[in-house]
Amino acid sequence: MKTKVLFKKYPMIKKIFSAIVVLGLLAGCSKNPSCDYNECSIKAPDSEIQAVQSYLSSKGITNAVQHCSGLFYVVDNIGTGKHPNACSTVNVDYVGTLTNGQVFDHNTGIGFGLDGVIPGWRNGIPQVRAGGEIHLYVPPTLGYGNQQAGPIPPNSILIFDVKLNSVQ
């Protein structure tokens, strides 16, 4: 019996077949298990959150949003391009500074996977789309913690001004 005739004679078979096709397509789009990520699983302690809030207050920054992890961010431009997730590969321009204003890093047009960066970036960059610009205020736990990282002293709050150029 041909498929068209079968579907006409037994409409329920068409519905079941359609459901199987949809489930198959959804299964093919499932997440990569090696890239599962819970953005709220690492949370800065209250003392670090308070330190970031104090810094923001001292600079008159009143529009910062607190993420569930304790990261704070200000979106200057949401962007209109592709939206990244915590496992995307991105290309960015950025400047990283300490709370005393010292620039510790900057780059233009650098690409990397968000699954290989500090939690502050992994949680913060997905808040904008390609073409977007964001300021990240990263508590130490979401940065380099109590470890010295090049010119970054242990337990430092990190500030990043980031432009998300593209998302792959």
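The values are calculated or read from the model by the stated rules, or taken from the named source; none is laboratory data. Nothing here was measured: the structure is a model prediction, and the numbers come from that model. Every residue, glycine as well, gets a Cβ built from its backbone with ideal geometry; the counts of neighbours run over all protein chains shown.
Observations, loosely collected:
- Residues in the stretch 128-159 that are of a type outside the set (A, V, I, L, M, F, W, C) and in contact with a His (Cβ under 8 Å, 6 or more places away or on another chain): R129 alone.
- Test for H135: is it closer than 16 Å to L158 by Cβ, at pLDDT 95 or above and exposed (fewer than 15 other Cβ atoms within 10 Å of the Cβ): no
- All conditions in (1) exposed (fewer than 12 other Cβ atoms within 10 Å of the Cβ); (2) touching a strand residue (DSSP E or B) at 6+ places or on another chain (Cβ under 9 Å); (3) of a type in the set (V, I, T) hold for V128, with the sole exception of (1).
- Against the numbered list (1) surrounded by fewer than 16 Cβ atoms within 10 Å (Cβ to Cβ); (2) in contact with a helix residue (DSSP H, G or I) (Cβ under 6 Å, 6 or more places away or on another chain), S54 comes up short only at (2).
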